[in-house]
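Everything on this sheet refers to the single structure shown next.
Any read-out appearing in this document is the output of simple, stated calculations on the displayed coordinates, not a laboratory observation. As the structure is a prediction and not an experimental result, all values here were calculated from the model. Because the Cβ atoms are built from the backbone with ideal geometry, glycine has one as well, and the counts that use them run over all protein chains shown.
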Amino acid sequence: MISNNTMSVAYDFSNKVVLVTGGTGALGRALVNKFINSSAITISSYRDDKEAENLKSENVKVELIKMDITNEEQILKTM
């Protein structure tokens, strides 16, 4: 028998910094929200300004960094 019960696991990321690459996409948004709800200092990289504005309006606690992770020069400059 298959069950649709979902298991919820809580983690405490207090005083931890998390960088979510692609945080403006569907999966990235879900990760951003999970980490923020787990008390992490959450940073999201983005490429599209409008999507970043949307993410920030949904969750004011997220910090945003404009960075294309396919561009090594941008990564080195940012980090």
Tell me the residue from Thr24, Thr42 that is outside any strand (DSSP E or B), polar (S, T, N, Q) and buried (at least 18 other Cβ atoms within 10 Å of the Cβ), please. Thr24
Within the set of pairs 6+ apart or on separate chains, which have a first residue in region 15-33 that is under 10 Å from Ser45 (Cα atoms) and without any contact (Cβ under 8 Å) to a residue 40 or more places away in the chain, a second that is part of a loop (DSSP other than H, G, I, E, B) and small (Gly, Ala, Ser), and C-beta atoms under 6 Å apart? Gly28/Gly22
